[in-house]
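S.K.: Before I ask anything, here is the structure I am working with.
The values are calculated or read from the model by the stated rules, or taken from the named source; none is laboratory data. What you are looking at is a predicted structure, and each value in this text was computed from that prediction instead of being measured. Reconstructed Cβ throughout: ideal geometry from the backbone, glycine too, with neighbour counts over all protein chains shown. In case anyone asks, the SASA skips ligands and DNA or RNA and just uses the protein heavy atoms, side chains included. Shrake-Rupley method; radii C 1.70, N 1.55, O 1.52, S 1.80 Å.
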Amino acid sequence: VAWLLVAAVGHARAQPQSITVVTDDDYPPYAFRDPSGQMQSMLVDQWTLWSQRTGIEVKMQSMDWAKAQKTMLAGQADVIDAMFKTEDRQALYDFSDPYARIEVPVFFHQSISGIVDTPSLKGVTVGVKEGDACVEILQRQGIDTLHTYNSYSAITAAAAVGEVRVFCMDQPPALYLLSQLGMESKFRRSMPLYTG
């Protein structure tokens with residue numbers, strides 16, 4: 001996971017007084033809303049510290065992941081945080097060095113067997129989050145039976161009621177959300193499809 005800048009502040013440019021940072025508001029433990037709707041996250045803490053060290057004000061905006069990406073592409077933000085580097089995204093953005101390595105496996109209900117890698121997903125409906133790197137990775141490998149959700153919470157809620165039995169999700173949020181639902185023992189996971 002890395003944060004990225006659309007336009008780096010060069011030596012010849014004046015330091016900005018503020019930057020706008022967008023991120024996903026459903027990416028626990030890195031970024032999520034508490035029961036009252038307030039953002040709680042390591043990312044908020046990280047950007048607060050960055051602001052204190054640089055003297056540049058950070059205007060943090062947490063929102064639906066697909067909307068965060070559209071906001072960035074529309075030029076309404078300077079940085080998008082917690083974005084995996086993919087082939088398509090490298091053509092659009094400059095990435096910082098990563099600050100975390102996150103594995104992305106496929107999670108599947110304990111009653112299912114035989115899911116070990118991407119080819120074993122052929123013909124299987126896989127829950128994915130709109131705008132997630134997993135969508136690009138799976139599609140590049142010929143998996144097109146994707147059921148899109150607007151958040152990781154929506155995917156795990158659907159999995160809890162049996163609406164989706166296989167899903168691709170970054171491991172830390174998946175384990176957190178499944179635990180919150182008391183479903184962590186009901187789902188197994190493959191080896192990582194990729195690490196970001």
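S.K.: Scan the range 148-164 and give yes if some residue there is open to solvent by 30 Å² or more (accessible area, probe 1.4 Å), over 28 Å from K67 (Cβ atoms) and not charged (D, E, K, R), otherwise no.
M.R.: Among the residues of the range 148-164, at least one is open to solvent by 30 Å² or more (accessible area, probe 1.4 Å), over 28 Å from K67 (Cβ atoms) and not charged (D, E, K, R), which makes the answer yes.
S.K.: Any residue at all in the range 62-69 that's in contact with a Lys or Arg (Cβ under 7 Å, 6 or more places away or on another chain), modelled with pLDDT of 90 or more and assigned to a helix (DSSP H, G or I)? Break it down stepwise before answering.
M.R.: Going through the range 62-69, the residues in contact with a Lys or Arg (Cβ under 7 Å, 6 or more places away or on another chain) turn out to be 65.
Remaining after also requiring modelled with pLDDT of 90 or more: 65.
Applying the additional criterion that residues be assigned to a helix (DSSP H, G or I) yields 65.
Checked against the condition, which is being in contact with a Lys or Arg (Cβ under 7 Å, 6 or more places away or on another chain), modelled with pLDDT of 90 or more and assigned to a helix (DSSP H, G or I), the range 62-69 yields at least one hit.
S.K.: Follow-up question, since we're still on this one. Any chance you could count how many residues in the range 31-43 are within 18 Å of I102 (Cβ to Cβ) and open to solvent by 40 Å² or more (accessible area, probe 1.4 Å)? It would help to see each step written out before you state the result.
M.R.: Here is the first cut: in the range 31-43, the residues within 18 Å of I102 (Cβ to Cβ) are 31-32, 41-43.
Subset that is open to solvent by 40 Å² or more (accessible area, probe 1.4 Å): 32, 42.
The number of residues fulfilling the criteria is 2.
S.K.: Another question, then. So for the range 179-187 (the condition being touching a strand residue (DSSP E or B) at 6+ places or on another chain (Cβ under 8 Å), open to solvent by 10 Å² or more (accessible area, probe 1.4 Å), of a type outside the set (K, R) and farther than 19 Å from D24 by Cα), does at least one residue qualify? Before you say what the answer is, go through the steps one by one.
M.R.: Applying the first criterion (touching a strand residue (DSSP E or B) at 6+ places or on another chain (Cβ under 8 Å)) to the range 179-187 yields 186-187.
Still in the list and also open to solvent by 10 Å² or more (accessible area, probe 1.4 Å): 186-187.
Now restrict to residues that are of a type outside the set (K, R): 187.
Right, trim to farther than 19 Å from D24 by Cα and you get 187.
There is at least one residue in the range 179-187 that is touching a strand residue (DSSP E or B) at 6+ places or on another chain (Cβ under 8 Å), open to solvent by 10 Å² or more (accessible area, probe 1.4 Å), of a type outside the set (K, R) and farther than 19 Å from D24 by Cα.
S.K.: Restricting the search to the range 121-140, which residues are without any contact (Cβ under 8 Å) to a residue 24 or more places away in the chain, more than 27 Å from Y30 (Cα to Cα) and not charged (D, E, K, R)?
M.R.: Within the range 121-140, G123 is the sole residue that qualifies.
S.K.: Could you give me the residue pairs with C-beta distances under 8 Å whose first residue belongs to the range 42-61 and is hydroxyl-bearing (S, T, Y), whose second residue is modelled with pLDDT of 95 or more wherever it lies, and which are 6+ apart or on separate chains?
M.R.: If the second residue must be modelled with pLDDT of 95 or more, the pairs left are T48/V58; S51/E57; S51/V58.
S.K.: Quick one: count up the residues across the range 37-61 that are of a type outside the set (K, R) and assigned to a helix (DSSP H, G or I).
M.R.: Within the range 37-61, the subset of a type outside the set (K, R) is 37-52, 54-58, 60-61.
Next, from what is left, pick out any that are assigned to a helix (DSSP H, G or I): 42-52, 54.
Residues meeting the conditions: 12.
S.K.: For the range 51-73: of the residues being more than 17 Å from the chain's Cα centre (by Cα) and open to solvent by less than 70 Å² (accessible area, probe 1.4 Å), which is farthest from L138 (Cα to Cα)?
M.R.: Here is the first cut: in the range 51-73, the residues more than 17 Å from the chain's Cα centre (by Cα) are 51-59.
Still in the running and open to solvent by less than 70 Å² (accessible area, probe 1.4 Å): 51, 54-56, 58.
Working: S51: 37, T54: 39, G55: 41, I56: 38, V58: 34 Å.
Residue satisfying both the conditions and the ranking: G55.
S.K.: So, one more: Can you tell me which of I80, I115, I155, I143 is at pLDDT below 95 and either under 17 Å from P28 (Cα atoms) or more than 17 Å from the chain's Cα centre (by Cα) (or both)? Walk me through how you get there before you give the answer.
M.R.: Working: I80 fails: at pLDDT below 95; I155 fails: at pLDDT below 95; I143 fails: at pLDDT below 95.
One residue alone meets the criteria, I115.
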